[in-house]
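Chemist: Please see the structure below; I have some questions.
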Amino acid sequence: MATAGINETTQFLTFRLDDEIFALDITKVREVLDYTIVTKVPRTPEFMRGVINLRGSVVPVVDLRLKFGMSATESGVNTCIIITEVQVDNETVVLGALADAVQEVLDLDAGSIAAPPRIGTKLRTDFIKGMGKQNDRFIIILDIDKVFSIEELSAVRQDDTAAGPAA
């Protein structure tokens, strides 16, 4: 089955948001960091929690829970920041995504991934690559390049530029 570009066994980083399990293609993940203080940037969208200093680079941090209509991520012992690479206008943007907890790196073959659900025409599901199955649970496989609109990521990129070099 060729579900949204998944044709063979692929590795995914699985993580938890609330009670749901999500996954990102491992090739889009740079690293996973323990939660650290995020500096708020004024006049940014609510899901944009701020920026962190990652080895001298300013990296925007987004709250996927807010983006997906859940309550804001509360920092806890397992809270982490997944550093990802997102494509915006043929340019790679490094972005941090808050997660309640990272689960594991999981191998899923194309046969265990179903097409994303079609939920009418008013709801966006184009950012879901597919629905993986592990035991009796569904894993929502995200297409991180499509989670945010070009306008949202362009705004994040402009805020990143306006923030200047990290101290």
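Taken together, the values in this text are just the output of simple stated rules run on the coordinates, not laboratory data. No experiment lies behind these values; they were computed from the predicted model shown. Positions of Cβ are backbone-derived with ideal geometry, glycine not excepted, and every protein chain shown enters the neighbour counts.
Chemist: Within 10 Å, Cβ to Cβ, of Glu85, how many net charges do the neighbouring residues add up to if Lys/Arg are +1 and Asp/Glu are -1?
Modeler: Neighbourhood net charge equals +1.
Chemist: Continuing with the same structure: Cut-off is 10 Å between beta-carbons; in what order do Thr39, Thr9, Thr84 appear when sorted fewest neighbours first?
Modeler: By the 10 Å Cβ count, ascending, the order reads Thr9, Thr39, Thr84.
Chemist: Among all the lysines, which ones have a C-alpha under 16 Å from Lys129's C-alpha, if same-chain residues fewer than 8 places away are not counted?
Modeler: Filter leaves Lys28, Lys146.
Chemist: With a cap of 12 neighbouring Cβ atoms within 10 Å, and only residues DSSP puts in a loop, list the GluC sites (Glu not before Pro) found in the range 58-129. Could you put the intermediate results ahead of the total?
Modeler: Numbers: sites: Glu74, Glu85, Glu91, Glu104; in loops: Glu74.
Filter output for the range 58-129: Glu74.
Chemist: Determine the sum of side-chain charges near Asp100: Lys and Arg each +1, Asp and Glu each -1, restricted to other residues whose C-beta is under 12 angstrom from that of Asp100.
Modeler: -3
Chemist: While we're on this one: Give, as a single signed number, the net charge of other residues whose beta carbon lies under 15 Å from the beta carbon of Met70, with Lys and Arg counted +1 and Asp and Glu -1.
Modeler: On the way: positive: Arg16, Arg49, Arg65, Lys67; negative: Asp18, Asp19, Glu20, Glu46, Asp63, Glu74, Asp100.
Counting the neighbours of Met70, the net charge comes to -3.
Chemist: Put a dot 7 Å past each Cα toward the Cβ at Arg43 and Asn90; how far apart are the dots in nm?
Modeler: 3.0
Chemist: For the range 10-161, what does the equivalent ellipsoid look like in terms of its semi-axes, each the square root of 5 times an eigenvalue of the Cα gyration tensor, given largest first in whole Å?
Modeler: Values: eigenvalues 121, 62, 44 Å².
Each semi-axis is the square root of five times an eigenvalue, giving 25, 18, 15 Å.
Chemist: Rounded, prolate or oblate for the range 19-89? Axes are the square roots of the Cα gyration tensor eigenvalues, ordered a ≥ b ≥ c, and the cut-off for rounded is a/c under 1.5.
Modeler: rounded
Chemist: Same structure, new question: Quick one: Thr92, Thr14, fewest Cβ neighbours within 10 Å first, how do they rank?
Modeler: Lowest to highest Cβ neighbour count: Thr92, Thr14.
Chemist: Let me ask something else about it. Would you mind ranking Val61, Val38, Val94, Val105 by Cβ crowding within 10 Å, fewest neighbours first?
Modeler: Val105, Val94, Val38, Val61
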